[in-house]
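Worksheet: one structure, shown below.
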Amino acid sequence: MKRKGAHRIVAVILTITMYISCMPVTDAYAATTKEQLEQAEKEQAEVKGKLEETEENIEGMEKEKSSLQTKLSQLNEDLSKVSDRLADLEDKIDKKEKEIERTSADLAEAKETEKTQYENMKKRIKYMYEKKNTLYLEILFDASGFGDFINKASYIEELSEYDQNLLAEYEQNRIRIAEKEAELIAEKEELDKLRDEAAEEQKKVTGYVNSTSSSINQYSGQIADAEAQAAAYEEEIKKNEENIAYLKKKLAEEIALSKLAAQSKWRDISEVQFAEEDRYLLANLIYCEAGGEPYAGQLAVGAVVINRVLSSVYPNTVVGVIYQNKQFSPVASGRLALALAENRATAACYKAADEAMSGQTNVGNCVYFRTPIEGLTGIQIGGHIFY
């Protein structure tokens, strides 16, 4: 293996920093295509779950709203009935009040008639009492005969009896009217009671109607919000589907590119001239990508980088391969820059870098690696598939 350029580590970091500053670093490329695809599918499943939950909530709220509308319809029907009953009671009370008013007038008239009759009778009795010594004599002496005398005497008795009967009749009439008035007042009181009960029932049903209408409006608002949220989820699902389709296409392109690389022209490791900083850079990339993997996995990552250097499909330097746009997630995420700044690579990572740069490989000509995905075949070492 040939090595050249004894550059200082500081120069390496400055060079790497320059590369990073020229690259777009966004969350969209903070992971491999496979990781992005897994994340997109996971997010898609979560959004679909939220959409299903929202649709279930909408269905539940629609049922509750429908139930409330049925209840509201019944309440409006009840309110109509109680309002009609209240109106009928008001009409009956109005008629009863007019009837009481007429009866009261009749009673007042009857009392006045009775009083007048009583006063007239008293006057006649008084007159007859005061004149009793001469009245009968005058009447009798004025008679044309005995028969006439008898008739006039009977007339006087009949007149007295008439007065008493008429007074009794007026008194009975007054009592009857008074009883009728009392009966009408009692009936009105009962009607008033029924009216108050109906008014209270109307108030209560009106309260139920207003409360139910408010609940329906509230559900309508919640349903509208949920439908808007569902529409947003559907739009998000649509975008996710487009993103997933893109990532799947990209992954397929990577697999095709891997196959193309395997079939392309390859240089021999002896033809590659490595710079001093390549070992440092590769060891730290191995640390970022496979620091927690077994040594075989660390060597495999190093071998992938060197395979790309050897393939005519990729850049022909370690720096070019590692910093090729959108290829290694630690570059875009900034993890590699931090590892380089602190030289976090372990002895095992340096050993893997050395062996890979010497031409050793445990993954053949594989130029990609990622976590396992359904349908992806290759060489599995630790938590990665190499293909």
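Close amide H pairs (under 5 Å, H built 1.01 Å from N) link Tyr368 with Tyr387, residues at least 5 positions away or on another chain.
Per residue, the solvent-accessible area of region 223-346 (1.4 Å probe, heavy atoms of protein chains only, all protein chains present) comes to 45 Å². The percentage of C-alpha pairs in region 273-387 whose separation is greater than 20 Å is 33%. Close amide H pairs (under 5 Å, H built 1.01 Å from N) link Gln273 with no residue at least 5 positions away or on another chain. Here the accessible area is traced with a 1.4 Å probe on the protein chains. For region 281-335, carbon and sulfur cover 48 percent of it. For Gln380, nonlocal amide neighbours, meaning residues 5 or more places apart or on other chains whose placed amide H falls under 5 Å from its own, are Phe386.
The values are calculated or read from the model by the stated rules, or taken from the named source; none is laboratory data. Since the structure is predicted, the reported quantities are computational estimates derived from the model, not experimental observations. Heads up: the accessible areas ignore ligands, DNA and RNA and are worked out on the full protein's heavy atoms, side chains in. Shrake-Rupley method; radii C 1.70, N 1.55, O 1.52, S 1.80 Å.
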